[in-house]
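One structure below.
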Amino acid sequence: MPDLNGKVAIVTGSSKGIGCAIAKHLARAGASVVVNSRSVNEAQVVSDQIGNGAIAIPADVGDPSACQELINETIKQFGRLDILVNNAGLGIIKPISEMTIEEWQIQIDVNLGGVFYCSKAALPHLITTGDGFIINIASLASRNPFSGGTAYNASKFGVLGLTEAMMLDVRYDDVRVSIVMPGSVNTEFRHREQSPIRTWKLEPEDCATAVTQLLSYPREAHVSRIEMRPSQPKKG
């Protein structure tokens, strides 16, 4: 577990699932955490659970102005920003023939646009800290297309490309940019029921562990990509 005392971290989409697990892991490592969700009530519930100075800031990351305000409010509250975890995302799985323009647009805006909007707004502050970090939570769908994933795959392929290009842009500004790409995770994503017991799938805490591992490396070492899979996925 890295020592994050004195660090400030934003985790987008952190009122549930992977984002919630990441927020809690970062807080346990000592960071002051900003819990983000479109719903202020849901974000507040998690920030109250975390304690340790965590606060809730609602924002729709598909809206550039809301992303800028998320960063501005964080700086207002804490005076600095060290870690941005871009986790917020959604999936609407339909064949292209059935997908509406609106369903396409919201996935691109949130899953891909949100990473760009939040990162761009956060970068000046991450550079100022002298050891900033952006970690983007994507998916194995960033490399492996599947039927019905027209917009979801496009957005996640985009996040992978954005991450790797941004890494090259800012590596000499003392900001490290990484991506975590999990396979099937036991969450309520896409309105599935989350199992209360460990299944064959990854757990949100597994993804959170990957994030804290990325943050534990010395400044001279940069792990740019982590791919995660269930050890024994369901056959068939």
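The values are calculated or read from the model by the stated rules, or taken from the named source; none is laboratory data. On a predicted model such as this, the values are computed, not experimentally measured, just so you know. Positions of Cβ are backbone-derived with ideal geometry, glycine not excepted, and every protein chain shown enters the neighbour counts.
A few comments on the model shown:
- One residue alone among ALA66, ALA23 is within 20 Å of MET1 (Cβ to Cβ), of a type in the set (A, V, I, L, M) and part of a helix (DSSP H, G or I), and that residue is ALA23.
- Residue list for region 94-144, filter: free of Cβ contacts under 8 Å to residues at least 12 places away in the same chain and among the β-branched types (Val, Ile, Thr): THR100, ILE101
- Residue match in region 103-120 (condition: at pLDDT below 95 and either within 30 Å of TYR217 (Cα to Cα) or assigned to a helix (DSSP H, G or I) (or both)): no
- One residue from VAL85, VAL46 being buried (at least 16 other Cβ atoms within 10 Å of the Cβ), of a type outside the set (Ser, Thr, Tyr), assigned to a helix (DSSP H, G or I) and at negative phi: VAL46
- With respect to the conditions (1) of a type outside the set (Lys, Arg); (2) under 30 Å from ASP3 (Cβ atoms); (3) out of contact with any Ser or Thr (no Cβ under 8 Å at 6 or more places or on another chain); (4) modelled with pLDDT of 95 or more, ILE179 lacks only one, and its number is (3).
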